[in-house]
Amino acid sequence: MPNTLYSLTEASDQLYFSYHLEENRFSYLNPAFIDFFDLDVEPTVPLLLAMVHPEDQKYVISQCEACLSGNTVGSVECRVVRGESQRYIRVFPYLITEAAGRFFMGCAEDITTYKSQLNVISKHNAKKNSILSIIAHDLAAPLGLIRNLSTLLGREVSHAENAKVREYAELVNKFSLRCIKLIKDFMDHEFLESAGVKLVKKRIDLIKMIKIQTEDYLNHQAELNKQIHFTSSRSHVYVAVDEDKFLQVINNLVSNALKFTPEGGTITIGIEEQEQHILITVADDGIGIPQRYHATLFEKFNDARRTGLQGEPSTGLGMSIIKTIVEWHDGTIWFDSEEGKGSVFYIQLPK
């Protein structure tokens, strides 16, 4: 190794390693690597792998095997357990062939602080999305009722002699409609802001992510007067997604279920790990989707948008963008629905 490069790696905070495949040993580890893993003995692959969190070991092995097979592997993130502490590491592995043999080498960085900050941001973002939907529901419902009542009142006084009464009824109708439109435009803008940003996939715990997203819905069941359940076939399920965008998909589906499920109804969010895929379901026992909307529900311009049971506006930009975001993740989305018996939306993602 050239002296300058050697000096840089020795002084770097990043972790550098080189493993000689034919000799089955590490040919180089810089001080940062040794310090991160707290090594006081000659390191071996089984020793280091044992420090990787059990839930991440299979993933790490698969990525290393892919790299050794000649495939291009991007960054590999995993958790490293050292005693009672747990840290996150991001590794950039490479396969190098030289006259001296084949080397599995690369660099890594400690991303524990970054992951902690990202987790806080994700929690705040999930809270923001769910609170916005709840607020939109709580605001739009009475506004929708006011608008409906003002419309009925306008009909009753249409022939009244007092012109002021007719004028007031029209004003109530006009301003309630304007407020409903403002709520819809605001929610549209929020969804568009998230959908329009470049996709950045990361390996995350899907169970944890959706639990965070639905926490506020669960905490507001009494106010919403609906039961919300979460079910999963496992305690942890890992998948590569863009967290912000995918949370928007879940948030939009749950919001739609809230709008079209009557008081006392039930909404269930489920996650099932299959052999090659992860299946996510959002089910409700609401009014269902009329058959005439089934064929065009996911199209950009369709007539399937409906106000909620309590006058809630059609928030979000419709099912077409949800479908687009799911497809960005190499997934598929479909639904089953029968009018009067509820709906179930399915999202299938590759593991």
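The values are calculated or read from the model by the stated rules, or taken from the named source; none is laboratory data. These figures come from a predicted structure and were not determined experimentally. Neighbour counts run over all protein chains shown; Cβ positions are idealised from the backbone, glycine included.
Computed quantities for the displayed model
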| item | result |
| --- | --- |
| Of residues in the range 26-57 being at pLDDT 90 or above and exposed (fewer than 12 other Cβ atoms within 10 Å of the Cβ), the one farthest from residue 206 (Cα to Cα) | 46 |
| Any hit, the range 321-331, residues being assigned by TED's automatic domain parsing to the domain that holds residue 258, modelled with pLDDT of 80 or more and under 30 Å from residue 148 (Cβ atoms) | yes |
| Filter pass, residue 172 being modelled with pLDDT of 75 or more, part of a loop (DSSP other than H, G, I, E, B) and either out of contact with any helix residue (DSSP H, G or I) (no Cβ under 6 Å at 6 or more places or on another chain) or not acidic (Asp, Glu) (or both) | no |
| All positions within the range 75-85 that are surrounded by 12 or more Cβ atoms within 10 Å (Cβ to Cβ) and modelled with pLDDT under 90 | 75 |
| Residue pairs meeting the criteria (Cβ under 8 Å; at least 6 apart or on separate chains; first among the basic types (Lys, Arg), in the range 205-232; second part of a helix (DSSP H, G or I)) | 226/258 |
| Among (1) in contact with a helix residue (DSSP H, G or I) (Cβ under 7 Å, 6 or more places away or on another chain); (2) over 30 Å from residue 13 (Cβ atoms); (3) at pLDDT 75 or above, the one test that residue 93 misses | (2) |
| Test result for residue 263, surrounded by fewer than 18 Cβ atoms within 10 Å (Cβ to Cβ) and within 19 Å of residue 216 (Cα to Cα) | yes |
| Strands (runs of 3 or more DSSP E) wholly inside the range 1-82 containing at least 1 residues that are farther than 29 Å from residue 116 by Cα, touching a strand residue (DSSP E or B) at 6+ places or on another chain (Cβ under 6 Å) and not assigned by TED's automatic domain parsing to the domain that holds residue 234 | 15-20, 25-29 |
| Which listed residue is modelled with pLDDT of 75 or more and part of a helix (DSSP H, G or I), from 139, 143, 153 | 153 |
| Filter pass, residue 278 being aliphatic (A, V, I, L, M), surrounded by 15 or more Cβ atoms within 10 Å (Cβ to Cβ) and out of contact with any Phe, Trp or Tyr (no Cβ under 8 Å at 6 or more places or on another chain) | yes |
| Residue match in the range 208-218 (condition: in a loop (DSSP other than H, G, I, E, B) and either under 14 Å from the mean Cα position of the chain (by Cα) or not assigned by TED's automatic domain parsing to the domain that holds residue 331 (or both)) | no |
| Criterion: modelled with pLDDT under 75 and loosely packed, with under 15 Cβ neighbours inside 10 Å - qualifying residue of 162, 129 | 162 |
| Residue in the range 215-229 that is modelled with pLDDT of 85 or more, touching a Phe, Trp or Tyr at 6+ places or on another chain (Cβ under 8 Å) and under 30 Å from residue 57 (Cα atoms) present | no |
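Residue by residue, here is whether (1) over 30 Å from residue 78 (Cβ atoms); (2) modelled with pLDDT under 80 holds:
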{"residue": "167", "(1), (2)": "yes, yes"}
{"residue": "179", "(1), (2)": "yes, yes"}
{"residue": "185", "(1), (2)": "yes, yes"}
{"residue": "191", "(1), (2)": "yes, yes"}
{"residue": "195", "(1), (2)": "no, yes"}
{"residue": "199", "(1), (2)": "no, yes"}
{"residue": "204", "(1), (2)": "no, no"}
{"residue": "207", "(1), (2)": "no, no"}
{"residue": "210", "(1), (2)": "no, no"}
